[in-house]
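Everything on this sheet refers to the single structure shown next.
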Amino acid sequence: MKLQLSINPVTLKELRQLVRSRLILWGIVALPIVLLVATALVLSAEMHGLSPMEATYGKGLGTGPLIAVTAVTGIVTCGLIPLFTSIRTAIETSKASLGLEFTTALTSAQIATGKIAAAAIISAIAVALAMPFFVLSYLMRGVELASTFLIPLELLVASVVMSSLGLLPACSRRSIAMKIILLMALYAVLSIFTTSLSAFFSIRGALAGGTSSSWPIAGMFFAFAVPAFMVAYGRAQAAAELAPPHTDFARTLRITQAVLFAVGFPLIFAGKDPCVLWSTLWTLVAGMIALGAAARPLPVTRGAALHAPRPWLLRVLAFPFATGSMPSMFFASLLAMASSSMLVLSTGGTIDFDDARFAIVLTCECGSLVVAAGSIARMIVGAHPRLATSVGKAAAAYIFMINGLQFLTALDVLERTALRPFPCCIEGVRRVPNGHLVIAIVMVIAAICLAMAAAREDFKRFRKP
Amino acid sequence: MKVEVTNLMKTFDRGFRAVDGLSFSFASGEVIGFVGPNGAGKTTTMRIMATLDTPDSGDITLDGVSVLDHPERAHRLVGFMPDDLPSRSDTTVDEYLDFFARAYGLRGAAIRKAVEGVEEFTGLAEFRDRTLNALSKGMKQRVSLARALVHDPAVLIMDEPANGLDPRARIELRELVKALGENGKAILVSSHILSELEEMCTSSVIIERGRRLNAEAAVSAETWIKLRFLPGVNEKALPVLLETPGVVAAESSGNGWRVKTASGDEAAAALAGNLFARKLVPILFEPEVGKLEDIFMHVTKGRLA
């Protein structure tokens with residue numbers, strides 16, 4: 001049996017094109033020079049402020065260069081390369097030159113994977129160029145040995161995450177306004193990334209025998225599983241955006257959503273701080289699903305119908321995943337509400353978490369309900385799709401606002417009391433903790449009934465042609 | 001390979017019906033001219049056939065296999081040549097074709113074999129290391145054709161392939177298409193240059209406002225024949241032309257006549273017999289090249305959808 005190494009054709013094409021890109025070539029040449037200059041400048045500044053006798057881990061002369069090298073490499077790998085990939089893809093999409101690729105045996109998922117892989121290879125080259133400077137930092141006692149390799153690895157992982165999410169606005173054939181909104185979603189990545197990075201440092205501390213990690217399993221989850229989930233989701237969503245209309249373009253996305261839900265949900269409760277885990281997971285999964293779905297309602301395609309299960313009950317269960325904004329956003333709100341409700345149950349109705357964080361959780365939940373309402377509205381006002389689109393956009397904007405508040409709160413920019421005017425006030429939940437669960441369940445059931453009633457025409461089309 | 005388009009319907013936003021119940025078929029070895037005014041639905045039909053678009057109803061089958069239900073099979077059977085040309089400054093001809101060969105699932109030595117094969121066939125071998133944007137329009141058209149052929153499809157769809165080409169490039173393209181038809185490919189080619197189509201196509205489908213028009217009646221009803229005689233014979237021929245059964249009209253055309261017949265080949269045979277019987281031997285006797293143009297003008301109304 002002959003073994004043939006099969007490289008993704010899109011990766012190969014992208015790399016061939018990148019080789020001819022002056023920007024990339026000059027970037028590769030300039031990066032070591034910039035790193036050298038930055039290291040020299042920072043080192044020079046440190047030498048005037050620190051005596052070699054005081055040098056210990058984290059306080060040695062190498063700390064400054066470590067920060068400088070991490071920052072410069074981070075800007076290149078997590079900023080410039082994903083941006084470059086995103087812009088190139090956006091140009092291809094706008095020129096419709098991607099269309100011809102869909103007449104080939106390539107799937108949209110392969111195209112998305114190929115572009116992400118090409119960006120990852122370029123990032124790996126950038127990280128490799130920065131490695132001598134990380135080693136220099138280690139030699140100057142600015143960082144311990146494990147981190148000398150783990151920090152570049154984290155940068156590389158983050159770069160892949162950013163590239164995969166950066167593909168989303170680029171692949172979208174939506175209006176400019178919606179592309180901007182999608183682009184704004186990348187702020188969530190910063191939130192995730194900072195959490196991931198802190199988790200990573202927590203692990204690093206535990207490994208080094210220094211500061212112990214309070215939640216090593218959760219830390220591991222954040223450091224590696226969350227980025228992996230994000231890449232998987234970004235790839236699936238990009239593939240769904242790119243796919244031509246004759247295919248079941250949402251199939252991969254649905255499978256990814258289901259896997260994310262199945263794997264992510266139990267992990268919510270694996271850590272000792274489920275509230276933090278939950279809110280992060282919300283931003284990661286539910287937020288992305290809701291935003292993606294709000295931007296463009298999708299009808300039942302012939303491809304989706306072709307894969308519809310025959311048994312009626314299975315078809316009912318599969319239907320929410322096969323249609324457009326309503327089911328996806330509904331799924332997002334379900335995810336959010338179920339998580340929140342189980343969180344309340346898991347504490348036996350006693351809330352002893354940080355008030356502000358819990359308020360954020362509940363406010364997010366409220367936002368998800370608005371999104372769900374917006375999505376259901378599309379079906380109710382089926383004769384007025386423009387109104388439905390407006391409702392969807394308003395809901396998306398609301399979600400952004402809520403997540404923005406969450407992010408700002410995480411940065412301690414906002415005072416905790418600033419969240420009090422929002423509907424799900426922490427005081428109310430404190431008084432009747434299980435009432436919140438009851439309200440959530442009632443709303444879910446009501447929403448399901450409304451959706452089922454309004455979607456019956458769509459459901460008739462969801463069967464094998 | 002038989003391609004069947006059945007009752008195809010496609011409506012775009014605001015009720016714009018691009019294709020309205022279109023049906024036709026063609027098979028291996030046939031080169032079909034796909035003719036219609038701007039906005040008639042030609043490109044939409046071709047895009048559906050190439051799986052780049054989806055109809056509201058109807059279907060397109062390749063030997064009975066629906067391109068809508070099994071697009072992955074259609075990808076291997078259909079080569080699509082759109083009207084826009086490849087133009088990149090960072091990709092050479094060889095890399096471009098190599099990418100598509102891989103994208104169509106070719107592996108190992110088969111990639112080089114396919115790429116070199118189509119480069120040879122389309123005359124691109126000496127341009128393989130040039131970047132796409134450094135090629136002339138005719139050469140880009142060849143690259144586009146080579147790309148459509150790289151996986152050796154049984155069906156070739158060409159949307160306005162001669163658009164913007166100079167006369168030499170047009171003739172070369174025409175010869176390539178004829179050669180492909182003779183090699184057994186089923187070809188659907190659209191163009192506004194009807195005389196070009198007439199020379200390369202075995203038959204044609206005329207559409208307007210998304211519907212197929214009945215060109216058969218026009219073909220049998222109006223056939224123009226070009227006649228030329230030696231000096232002195234020209235004037236004597238006119239009464240004979242007009243008295244021949246099936247001849248509707250005759251008009252002077254340089255040293256000869258253009259004769260309009262009512263019943264196609266039968267009238268032409270009767271006309272030839274009559275002329276030879278009177279010893280009025282023509283030095284030129286041929287159906288007019290612009291026949292498709294006449295049919296097109298006769299059956300279409302120039303209305304947009």
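Any residue at all in region B:80-90 that is part of a helix (DSSP H, G or I) and assigned by TED's automatic domain parsing to the domain that holds residue B:50?
Kept after step one, since they are part of a helix (DSSP H, G or I), are these residues of region B:80-90: none.
The answer is no, given that none of the residues of region B:80-90 is part of a helix (DSSP H, G or I) and assigned by TED's automatic domain parsing to the domain that holds residue B:50.
Identify, please: which residue in region B:84-111 is of a type in the set (D, E, K, R) and in contact (Cβ under 8 Å) with a residue 12 or more places away in the chain and is, among those, nearest to the other protein chains (Cβ to nearest Cβ)?
We begin by selecting, within region B:84-111, every residue of a type in the set (D, E, K, R); these are B:84, B:88, B:90, B:94-95, B:98, B:102, B:107.
Then keep just the ones that are in contact (Cβ under 8 Å) with a residue 12 or more places away in the chain; that gives B:88, B:90, B:94, B:98.
Numbers: B:88: 8, B:90: 4, B:94: 10, B:98: 8 Å.
In this case the residue turns out to be B:90.
Of everything in region A:66-103, what is of a type in the set (Ser, Thr, Tyr) and surrounded by fewer than 23 Cβ atoms within 10 Å (Cβ to Cβ)? Give them in sequence order. Lay out the reasoning, then the answer.
Here is the first cut: in region A:66-103, the ones of a type in the set (Ser, Thr, Tyr) are A:70, A:73, A:77, A:85-86, A:89, A:93-94, A:97, A:103.
Across region A:66-103, the qualifying residues are A:70, A:93, A:94, A:97.
Can you find a residue in region B:6-17 that is more than 12 Å from chain A (Cβ to nearest Cβ), part of a strand (DSSP E or B) and under 19 Å from the mean Cα position of the chain (by Cα)?
No, region B:6-17 has no match at all.
Has region A:146-154 got at least one residue that is surrounded by 19 or more Cβ atoms within 10 Å (Cβ to Cβ) and at pLDDT 85 or above?
yes
Just wondering, is there one or more residues in region A:106-121 that are crowded, with 21+ Cβ neighbours inside 10 Å, modelled with pLDDT under 85 and either more than 14 Å from chain B (Cβ to nearest Cβ) or in contact with a Phe, Trp or Tyr (Cβ under 8 Å, 6 or more places away or on another chain) (or both)?
Checked region A:106-121: at least one residue is crowded, with 21+ Cβ neighbours inside 10 Å, modelled with pLDDT under 85 and either more than 14 Å from chain B (Cβ to nearest Cβ) or in contact with a Phe, Trp or Tyr (Cβ under 8 Å, 6 or more places away or on another chain) (or both).
Kindly check whether there is at least one residue in region B:32-47 that is more than 10 Å from chain A (Cβ to nearest Cβ), among the aromatic types (Phe, Trp, Tyr) and under 25 Å from the mean Cα position of the chain (by Cα). Quick ask: steps written out before the conclusion?
Taking region B:32-47 and keeping what is more than 10 Å from chain A (Cβ to nearest Cβ), we get B:32-46.
Okay, now just the ones that are also among the aromatic types (Phe, Trp, Tyr), so B:34.
Narrowing further to those that are under 25 Å from the mean Cα position of the chain (by Cα): B:34.
Yes - at least one qualifying residue is present in region B:32-47.
Could you please find all residues in region B:48-72 being more than 8 Å from chain A (Cβ to nearest Cβ) and among the hydroxyl-bearing types (Ser, Thr, Tyr)?
B:57, B:61, B:66
If you take the residues of region A:9-24 that are in a helix (DSSP H, G or I) and of a type in the set (D, E, K, R), which of them is modelled with the lowest pLDDT? Break it down into steps so the answer makes sense when it comes.
Taking region A:9-24 first, the residues in a helix (DSSP H, G or I) are A:9-19, A:22-24.
Adding the requirement that they be of a type in the set (D, E, K, R) leaves A:13-14, A:16, A:22.
On the way: A:13: 89, A:14: 89, A:16: 87, A:22: 83.
Ranking the qualifying residues of region A:9-24, first place goes to A:22.
Filter region B:40-74 down to the residues that are assigned to a helix (DSSP H, G or I) and in contact with an Asp or Glu (Cβ under 8 Å, 6 or more places away or on another chain), then identify the one that is nearest to residue A:93 (Cα to Cα). First the steps, then the outcome.
As a first pass, look at region B:40-74 and keep what is assigned to a helix (DSSP H, G or I): B:42-49, B:71-74.
Remaining after also requiring in contact with an Asp or Glu (Cβ under 8 Å, 6 or more places away or on another chain): B:42-44, B:46-47.
Working: B:42: 23, B:43: 19, B:44: 19, B:46: 20, B:47: 17 Å.
Across region B:40-74, the extreme among qualifying residues is B:47.
Quick one: in region B:129-145, of everything that is away from every other protein chain (no Cβ under 14 Å) and surrounded by 15 or more Cβ atoms within 10 Å (Cβ to Cβ), which residue is farthest from residue B:158 (Cα to Cα)? Full working, then the answer.
Kept after step one, since they are away from every other protein chain (no Cβ under 14 Å), are these residues of region B:129-145: B:135-139, B:141-142.
Filter once more, so that each one left must be surrounded by 15 or more Cβ atoms within 10 Å (Cβ to Cβ): B:135, B:138-139, B:141-142.
Working: B:135: 20, B:138: 15, B:139: 16, B:141: 11, B:142: 12 Å.
Top of the filtered list is B:135.
Across region B:234-262, what is the total count of residues that are part of a helix (DSSP H, G or I) and either outside the structural domain of residue B:281 (by TED's automatic domain parsing) or hydrophobic (A, V, I, L, M, F, W, C) (or both)?
Step one: list which residues in region B:234-262 are part of a helix (DSSP H, G or I), which gives B:234-243.
Subsequent filtering for residues that are either outside the structural domain of residue B:281 (by TED's automatic domain parsing) or hydrophobic (A, V, I, L, M, F, W, C) (or both) retains B:237-238, B:240-242.
So the count comes out to 5.
Restricted to region B:73-83, and to residues that are facing another protein chain (nearest Cβ under 10 Å) and in contact (Cβ under 8 Å) with a residue 40 or more places away in the chain, which residue is nearest to residue B:106 (Cα to Cα)?
If we take residues in region B:73-83 being facing another protein chain (nearest Cβ under 10 Å) and in contact (Cβ under 8 Å) with a residue 40 or more places away in the chain, then B:76 is nearest to residue B:106 (Cα to Cα).
Which number in (1) crowded, with 16+ Cβ neighbours inside 10 Å; (2) over 22 Å from residue B:6 (Cα atoms); (3) of a type in the set (S, T, N, Q) marks the one condition that residue B:195 misses?
Just one mismatch for residue B:195, condition (1).
Residue B:142: touching a Leu at 6+ places or on another chain (Cβ under 7 Å) and modelled with pLDDT of 85 or more, yes or no? Don't jump to the end; show me each part of the working.
Details: touching a Leu at 6+ places or on another chain (Cβ under 7 Å): yes; modelled with pLDDT of 85 or more: yes.
Against the criterion (touching a Leu at 6+ places or on another chain (Cβ under 7 Å) and modelled with pLDDT of 85 or more), residue B:142 qualifies.
Would you check which residues across region B:217-232 are surrounded by fewer than 19 Cβ atoms within 10 Å (Cβ to Cβ) and at pLDDT 80 or above and list them?
Selection gives B:226, B:228, B:230.
Going through B:105, B:64 one at a time, which residue ends up being surrounded by fewer than 21 Cβ atoms within 10 Å (Cβ to Cβ), at pLDDT 85 or above, farther than 21 Å from residue B:16 by Cβ and in contact with a His (Cβ under 9 Å, 6 or more places away or on another chain)? Walk me through how you get there before you give the answer.
Details: B:64 fails: in contact with a His (Cβ under 9 Å, 6 or more places away or on another chain).
Within the list B:105, B:64, the selection yields B:105.
The conditions are (1) touching a residue at least 24 places away in the same chain (Cβ under 8 Å); (2) away from chain A (no Cβ under 14 Å), and residue B:25 fails exactly one of them. Which is it?
(1)
The values are calculated or read from the model by the stated rules, or taken from the named source; none is laboratory data. For clarity, every value in this text was computed on a predicted model and none was experimentally measured. Glycine also receives a Cβ, built like all others from the backbone with ideal geometry; neighbour counts cover every protein chain displayed.
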